[in-house]
Structure formats: structure tokens, C-alpha cells
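Below: one structure, written as C-alpha cells.
The values are calculated or read from the model by the stated rules, or taken from the named source; none is laboratory data. Quick caveat: nothing in here was measured; it's all calculated off a predicted structure. Because the Cβ atoms are built from the backbone with ideal geometry, glycine has one as well, and the counts that use them run over all protein chains shown.
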Amino acid sequence: MIRSSARSFAAKLLRWYDAGHRDLPWRRTADPYRIWVSEIMLQQTRAEAVIPYYERFLQRFPDPATLACASEQEVLANWSGLGYYSRARNLHKAAKMLAAGFPASYDEIRDQPGVGDYTAAAIASIAFGLPHAVLDGNVIRVIARVTNDAADIGAASTRTRFREAAQRWLDRQRPGAFNQALMELGATVCLPRAPRCTNCPLAMNCEAHLQGRALQLPVKLRKMVPVKLKASLVVVSSKGRILLWQRGADSRRLAGFWELPSREQLPGLQATRAVGTFRHTITHHHYQITVHSGTVKRAPRPLQWIAIEHSGSLPLSTTARKALRLAGLPGSTVR
């Protein structure tokens, strides 16, 4: 149980938030489109990593109409490096449905492609002041600790209970600010491995802190076992061009994206030399990728020669971009 009423709990949290929080670009606008873009980008991505993509994306696509008129390849190119590319495709698809204006109710927002319960609640509360509480990883951690709840957060019943708690605590006069404050607390104070309890405005409300159990919560019983893998990529350049291949539209991963070839795709590879290695993680898969450079007399299918100066306008996979940077290609063309 919270050691105060929900009203005083919300008041403490909002006073803390109002006194100082991170100056994030999407917090400076009430434009639902810009808030929508930010919330889609923030799905499974840290705020600090999102900022440059958010600013660049909105510079190119300042409104839904501009985004709707763009090609998917251009949208993906401007999303390239942010990962989870189905988000960009859904954003593009939704923009084409917004000709009649941005939906202003939770249910209408929830019906948009790529929008789940959390994103709909965030947009509805921040852009329109509607009383819908959010539940993301940061909020789950705060609730688990405040309530000293050791239930498995992977269980649907636990998430339902936590969502109900967040809804009870919600400040209905300032739902958007309350939601952002709760997420801010989880992102900057109620940290997973080193919670800063002495700086927390809710320390005296937090049962886990008062009982010395903050580090033990939240509990997630079903953890993914890391898988370590090795892979190689080859940079072949000639006369201002590089060899790339494009994934098909039916690809299970990164459909439409351009990739560097592997050694297996280059049977005639010559004059190879090691460029370096880098690490790349996709969920619980941890890759160590070795990059080589070399030459070929003929480019086998499906490889294509692409002008380096044009590569920046293509949706390149993150591994291709990392490898090209490692090989020293111009940063102005390979983001």
C-alpha cells in the first residue's frame, strides 16, 4: 500500500518533475504528430539515442501529409540506424490514414498501425490531456518497488494489476505531465541496478525502499539466454562505388534494406585484408562481426554497384553502416 493518498502521491511526483527534468525536444510541443513520432521512436529505444533521429526525421517530414507522400525507401533511409523498422513502416502507413486529421480519442489513436496500449495512452494524455495512464518498463519498475510487489512482471495478470495501480495514481488534471514524471523517475532515479533512493521524491512512499528490497525488484522469471554469434562482412569499393545487395520485400528481417555482402557471396574475392571488428546486438543475440575489404573482377548477383555518394539516401542496415564507417568511408554519405 502507498503510505499516502493517491492525490498527495501525484502531487509529490509532479512537484519533483516541475522542479527539473530532462529537456527533451518532444516535451517542447503539443503537436500530436510530433508527440506521436516521438512515442513510436521511443518504443524499445532510449531517449538519448532517439533525439538526433527525431530531429532529422521531422526536418524531412514536418507533418503527416509530407510523410504520407514520401516513398517507403525514403522513410526507411531517414529511420536507418534506429532499428525495429516495422515502426517506420507503420508510421508511414498511419500517416496515409490521417488525411481527415489526427484522431483525438484513445480508441481512435489505439486503432492506428503500430500503436499499442502504452503508445495510445502516452499520445492521448500528452497531446490531448486525456486521463489514460501509461505502463512501460520504467513505470513497471517504479510500481513494483513502490508497492513492494514481487510478482513476475512477465505475467499478464501482473501487468494488469500494475496498469490499474498507475490509473489510480494518475493526476486527472495533468495526466500528460504525470505520465512523463513517472517515466522520468524510472529513467533517471529509480534505476534498475543502482536506484538513487536518496534522491527520490517517493522514498517515503516506497515500500521496497523502506524494507531494503529495492534492488530485488522488479522480478522477471522468464529471462532470455544470450546467444553469441560470429559473422563477417566485406567492403568492396571501386571508382567511387561499393557493392551492396537489397533484401526482398518478403524478407522476414529488414525488408527493402541494403546490406554489405558476406564472404560467401563473393566467390571471386581477391586481395582481402582485415579492417576490424565490431559488436552488434539484436534482442538477446550478440554478434561479433569481422569486416574485411577486397576486390572482385565481377559482381555476382544479387550484388549491385552503388555510388558511394548515393548510399546515404538508401536504407542501409545498421551493420552495413557500422562496417562502412569502420572501413573509413565518408561519414557525410554514410550516417
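If you go through the stretch 151-176 and keep only what is part of a helix (DSSP H, G or I), surrounded by 14 or more Cβ atoms within 10 Å (Cβ to Cβ) and either β-branched (V, I, T) or not assigned by TED's automatic domain parsing to the domain that holds A11 (or both), you end up with just T158. Of all the residues in the stretch 258-277, those that are surrounded by 15 or more Cβ atoms within 10 Å (Cβ to Cβ), under 27 Å from the mean Cα position of the chain (by Cα) and farther than 20 Å from Y85 by Cβ number 1. Checked against the criterion of being within 14 Å of the chain's Cα centre (by Cα) and polar (S, T, N, Q), the candidates T29, T45 yield just one match: T45.
For the stretch 1-93, the helices (runs of 4 or more DSSP H) that sit wholly inside it and include 2 or more residues that are within 26 Å of E259 (Cα to Cα) are 32-41, 47-60, 64-69, 72-79.
Matching residues to (1) surrounded by 15 or more Cβ atoms within 10 Å (Cβ to Cβ); (2) without any contact (Cβ under 8 Å) to a residue 60 or more places away in the chain; (3) in contact with a Pro (Cβ under 9 Å, 6 or more places away or on another chain):
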| residue | (1), (2), (3) |
| --- | --- |
| L24 | yes, yes, no |
| Y33 | yes, no, yes |
| Q43 | yes, no, no |
| Q59 | no, yes, no |
| L67 | yes, yes, no |
| E74 | yes, no, yes |
| S80 | yes, no, yes |
| Y85 | yes, no, yes |
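Restricted to the stretch 279-296, and to residues there that are crowded, with 16+ Cβ neighbours inside 10 Å and among the hydrophobic types (A, V, I, L, M, F, W, C), the residue that is nearest to T319 (Cα to Cα) is I289.
Given the structure, is N205 within 21 Å of the chain's Cα centre (by Cα), of a type in the set (S, T, N, Q) and surrounded by 12 or more Cβ atoms within 10 Å (Cβ to Cβ)?
Values: within 21 Å of the chain's Cα centre (by Cα): no; of a type in the set (S, T, N, Q): yes; surrounded by 12 or more Cβ atoms within 10 Å (Cβ to Cβ): yes.
For N205, the condition - within 21 Å of the chain's Cα centre (by Cα), of a type in the set (S, T, N, Q) and surrounded by 12 or more Cβ atoms within 10 Å (Cβ to Cβ) - is not met.
Between a residue in the stretch 247-274 that is on the phi < 0 side of the Ramachandran plot and in contact (Cβ under 8 Å) with a residue 12 or more places away in the chain and any residue that is aromatic (F, W, Y) and part of a loop (DSSP other than H, G, I, E, B), which pairs come within a Cβ distance under 6 Å, given they are 6 or more apart or on different chains? Within 6 Å, the pairs are R247/F257. Is it the case that T198 is among the hydroxyl-bearing types (S, T, Y), without any contact (Cβ under 8 Å) to a residue 24 or more places away in the chain and touching a strand residue (DSSP E or B) at 6+ places or on another chain (Cβ under 7 Å)? In short, no. Taken over the stretch 208-241, the criterion of being surrounded by fewer than 17 Cβ atoms within 10 Å (Cβ to Cβ) and β-branched (V, I, T) is satisfied by V219, V225, V227.
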